[in-house]
Every structure is written in C-alpha cells, then in structure tokens.
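Notes follow the structure.
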Amino acid sequence: MKPAALALTLTLLSLASSFPTSEQEPLNLPALTPPTNWDLDLLPDVNATGNLVFETVGSLLQHWPNTRYRNGHNVVPGRVRPGTVLYHGTYRNEVPTIPDWLAMDPEHSYMFCRGSKTDGCWHLTLMAGGSMDSQDLMAWGQTNDSWAFRERELINHLCTWGKQYDLDGFVRMEMDFEIMYCDFTEGVEVVSFLNLASSRNGGPGRTPLHGVEGRGAHARGERLPPGPPPPPHADGMHDHHAPYDTAPAPAAADMGFQSILSGSWSNRYPGDERIQLDVSRLTSFYDAAIVPSLVDARYGKERWDHRIMGISEADTKAFRETVDARLKADSSNSGIDWRTLIHVLVNRYGDRLELLDHFLNKTVTDDETVLLQWAKEAQTHLRIMLTPYLLHTVVPPNVTTTDLSWVTPAYELCSTTHTRFISFNPVLILDAVEYTTKEICRTTTRMWAQGVLAGLDDAILPEDTVADEAAVRHLAKSWSEETHRLMSWLDWSVWVKCRPACSFEEICYLPTWPFFNGRPGRGPGGPGGPGGPGRPGVPHAPLPENDDYIRPQPRCVPRFGNPVF
C-alpha cells in the first residue's frame, strides 16, 4: 500500500512458526462477505461468530481472557523465540527421555520440584534455540470428558502426530503457559540442573503432589492416570511415582499463588511475547465454513458453555485436514499483524464504550435542566467517538425527519477505515475485524444520529434548537439498552476487572484452573491444601459445578498470607 496523506498507518510485524498452540480461549465464524449492507437497523446474525473470532484472536497468549474462558477454540502455529529460558521441576537428577512438560516461568515449575528437605529437589533450566477439547481432537480425532486426566497418553499421541510437521511441542495454559515438549535432545540446551532446597515436610515414601491430578505440569510423566495403565515408555518402564514429601499447607498455598502471579504477568496484550504466533495459519472451531455442526451445538448458549463436544465426524475430518494443509503450507507473510490491529480497535473503543455505559447508567432525574445536560454529555461523547468519520456533509435534511440514511457515509467510513485496503488472508480474521467494527459503528452512529434529531448536538444544530424532553427520556432508556447489548455482544475481557480497584497489597484474581473446589467462604483450594487436587491412586472428584468454576468472576485477594489458596 502506498502511503497517503491522512491514511491509517499500522505497525507491521513479521511472524514465523514452528509448533502449534492449543489456546484456552475461544472462537470463529462463518466466512463473511465484506460488509455492504448499511441498514442502521440491521442487528448481527445470532449465529455469526465474527465478534468471537475478533476477541479470541486478540486474546491469544494472554492469561486473563483465557482464564475467564478456558475452553480453547484455536489452533495456531508458532515458535519459541531463541534465547527463551524454560523450566522443569522433578524429583530426580535426569533430563527427561520421553515427552514431558516445561514451564515458561520457574514459579510454575517449582510446584513440581519434588523431594524431601534432606535431599532437596531437582530443577532443570533449558534454553530454546481449559477444557482439553482441541487437544483431544488433534490427538485422537474425537473428544471425551472422561479422557481429561489421561495426560501421558495425550502428550504421546500429540508428539507422534506432530512428527510429520517437525513440531517440537504444544503450548497450552493452566495457571501459567506451559509447553508439552516432545524431545529434550532437540531444540533446547541445558542451562542448569540444580539441586534446590525443598519446601517439603515429612519422610520418604509419600506420593507426589500434583498441581492437579492429570493436569498439573512438568512431572506428569511420573503419574498414573485413572483407568487402564498407560503405555510403556521407550525404555519399557511404566510411569511411576517417586518417593517424595508433601508440602505443608502454607508452602503449598504460597507456591500455588506464586504460579498464578507469574501467569498474571501475561494477563493483557501483548501477552507472552516469548512465543511468536503465525496467526495467518490459525484454524478455529468458530469457523462455520469448516465446522458447521457446531453452530447448532452453540445455539442459545452463553460463551462459558461453548465446547467442541457435538462436532460431527465430517467436521472433525475437515478441521484436521485444514490444520494439516496449513501446517504444510508456507506462511502467507502478508505483513499484517492482526493481533495489533485488533488491539488498536480495542484501545480505540474499549474505554470509550465503558465510559458511555457509565454515563447512561446515571440515575435519570426529573429535573429537565439536569436531564438535558446529562443527555448532551452523552451526545458529546458519541460525537468524540465518531469525529474522524463525520464529514461536513453529514447533516440531517431537517430536524423533523425520522430517516437516518443521511448518516450512512459516517457509518461506512467508521466501519471500513481500518480494513479498506486489506485483502490478505486469512479471510476469516479479516471478516471478523470488519464484522465487529461494523457493529460498533452501526450502534454508535445510530445513537449519535438519534441524538441529533432529538436536538442534543449543539455542534450541528442551530443555536435556537430546543431539545424534546420526551424524546430525550426515551433515548435515555434505549441508549442504555443498546450500549449494554453491544458490550455484551463484544464481551471484551478488558472490561472484566475488580471494582473497586484492588489495593497495592492485593491483586485482581480470576478463579484459575486447578484451584477450585474450595470450601464455602474460603474460595478455591490450592495444591495439597483444602479443596485442592487429589493424589495418585485416589479417584478424581467430579469437576465442580459452582460459579467459580463455570463463570469465574474477578475479586481482590491479598498478595501475602493468602487465605484463598
């Protein structure tokens, strides 16, 4: 594109790929044609997923949105940047000879640094040269909740499947991002293998502590999953448990909290930058062109309940074939940084929509003067949002008209400015950006035009224009409803925060896998503590059905002496 005066300039980043990540986050949409219908009364299709693709692509590698919605819907190729330090906690002084787990941060891996206070534990440091639905589908071709704890089988199947693409591992997220790494002799070098002091109490012979049975990190090759014993390792030995001491509750609570704290460092955009993603080769379960069977499976459900369960056999085959083709293909290398473009739009509208919602939720007074002042503040805020698109000619033919077609040029400019000259693949993400932007612009442009006709816009109307009080009272209600509908439809995680804000000695916390099943009034449990995960050989409790698990909400928790863990 040739630069031009007043044209939009975007930051362009080059991306590369090496191994796919299965994100704890969410979604894609039926392929959309470029928006051409500028009817201001046309609401989004109830089955469209452009808003979901927009939010999930914009949330890749960010801890906060993927803690809120754990059921991942995207498979994205990527690579770990050279020089990245990775960590593995264990009970023995041996580099793993089979696929195993690596942490992005030492606080996470230290939870699995096992050993007694007498002998210490082992911590390997290497350097790189939610729901399990998406992982299950890629490994086994189907999904089943009863397989949730068959981690050893899962990592073996994924690594076997990935060999054909020269994949080194698979990234996913629990309390922090982690890598299911396939071969410790390839792609990484040992920086250190240290015998660290252990925080464990007691004597030998205890069973290992796991972040959660079957879903913890970095020593899962040492546990027996429920059901039939796992297949033998390459050395012919089955998984086994190491003699190891349990941590006292305070130490376990502190380890659990620190792992969550380290994960929170990647809460917001740009997320964990140690992993480069090739978003141009993203494949999504929200792409109805590939997986139409999930449209009916999602219908009428809130996003918390979106799963891959219910996908048809034909769509499973189509999805796997699409991933196969994209992993074998070269990157499109369009130069468009889709995540940055999405972030630009979230920055542009996130705070402003939140402030508009605040304006519109003020108590409407009976005092006409105060009412009109309140309404004009909201109208001014709408004008500010739309200023770059309000052409000099965008004026109503007269103040008595009810037709809003006169504002269509502003609606179209607002909707297309950021994507007008982009024609690169992936069409899915481009369509999602256009679809989402169009609905933001449709809603705000329509509201602004209504305010103009109600006599609220001093910048465009004659000075002697008198606002219609009855019309303003009607707008107060309809604007509030429309803003709430738009924000609910967008469902951006930037609006999910602790209110009021936490103090310096607290952090804003979302209930995080695997810290659930806390006792009433105590919050979620922690590793080895009350309500925490079970131990090997002990039947797994059913997944919790409480709101903490299904619909996690933010709350302030203390950084020290944390009773939540």
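Laid out as a table, the results:
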{"quantity": "Tally, over the range 381-395, of residues that are within 33 Å of the chain's Cα centre (by Cα) and over 20 Å from Thr416 (Cα atoms)", "calculated": "1"}
{"quantity": "Qualifying residue in the range 64-73 (condition: in the same structural domain as Tyr165 (by the TED database), over 25 Å from Cys508 (Cα atoms) and modelled with pLDDT under 95)", "calculated": "yes"}
{"quantity": "The range 397-417 residues that are within 10 Å of Trp38 (Cβ to Cβ), paired with ones that are surrounded by fewer than 16 Cβ atoms within 10 Å (Cβ to Cβ) and of a type in the set (S, T, N, Q) (beta carbon under 8 Å, 6 or more apart)", "calculated": "Pro409/Thr393"}
{"quantity": "Near pairs, Cβ below 6 angstrom, 6+ apart or cross-chain, from the range 439-460 (crowded, with 24+ Cβ neighbours inside 10 Å) to any residue that is of a type in the set (Lys, Arg)", "calculated": "Leu456/Lys376"}
{"quantity": "Long-range neighbours under 6 Å by Cβ, at least six apart or interchain, first residue within 21 Å of Ala197 (Cα to Cα) and in the same structural domain as His108 (by the TED database) within the range 82-93, second among the small types (Gly, Ala, Ser) and surrounded by 15 or more Cβ atoms within 10 Å (Cβ to Cβ)", "calculated": "Tyr87/Ala103; Tyr87/Ser109; His88/Ser109; Gly89/Ser109; Thr90/Ala219; Tyr91/Gly115; Tyr91/Ala242"}
{"quantity": "Of all residues making up the range 264-297, the number that are buried (at least 22 other Cβ atoms within 10 Å of the Cβ) and in contact with a His (Cβ under 7 Å, 6 or more places away or on another chain)", "calculated": "4"}
{"quantity": "Residue that is of a type in the set (A, V, I, L, M, F, W, C), crowded, with 17+ Cβ neighbours inside 10 Å, more than 24 Å from Val433 (Cα to Cα) and assigned by the TED database to the domain that holds Thr437, where the choices are Leu360, Leu386, Leu345", "calculated": "Leu360"}
{"quantity": "In the range 81-121, the residues that are surrounded by fewer than 16 Cβ atoms within 10 Å (Cβ to Cβ) and within 20 Å of Leu158 (Cα to Cα)", "calculated": "Thr97"}
{"quantity": "Output for the range 90-100, where each listed residue is at pLDDT 95 or above and not in a loop (DSSP other than H, G, I, E, B)", "calculated": "Asp100"}
{"quantity": "All helices (runs of 4 or more DSSP H) inside the range 385-494 with 2 or more residues being more than 28 Å from Asn51 (Cβ to Cβ)", "calculated": "469-490"}
{"quantity": "Test result for Asp330, acidic (Asp, Glu), in contact with a Phe, Trp or Tyr (Cβ under 9 Å, 6 or more places away or on another chain) and surrounded by fewer than 18 Cβ atoms within 10 Å (Cβ to Cβ)", "calculated": "no"}
{"quantity": "Unmet requirement for Leu60, which otherwise passes all of (1) part of a helix (DSSP H, G or I); (2) buried (at least 22 other Cβ atoms within 10 Å of the Cβ)", "calculated": "(1)"}
{"quantity": "Any hit, the range 208-220, residues being basic (Lys, Arg) and at pLDDT 95 or above", "calculated": "no"}
{"quantity": "Residue check, Ala410 more than 35 Å from the chain's Cα centre (by Cα) and in the same structural domain as Leu360 (by the TED database)", "calculated": "no"}
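One line per residue, one yes/no per condition, for (1) assigned by the TED database to the domain that holds Thr444; (2) among the small types (Gly, Ala, Ser); (3) assigned to a helix (DSSP H, G or I); (4) under 23 Å from Thr437 (Cβ atoms):
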| residue | (1), (2), (3), (4) |
| --- | --- |
| Ala297 | no, yes, yes, no |
| Arg307 | no, no, no, no |
| Asp315 | no, no, yes, no |
| Phe319 | no, no, yes, no |
| Val323 | no, no, yes, no |
| Tyr349 | yes, no, yes, yes |
| Leu356 | yes, no, yes, yes |
| Asp366 | yes, no, no, no |
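The values are calculated or read from the model by the stated rules, or taken from the named source; none is laboratory data. Since the model is a prediction, treat every value here as computed from it, not as a measurement. Cβ: placed from backbone, ideal geometry, glycine included. Neighbour counts: every protein chain shown.
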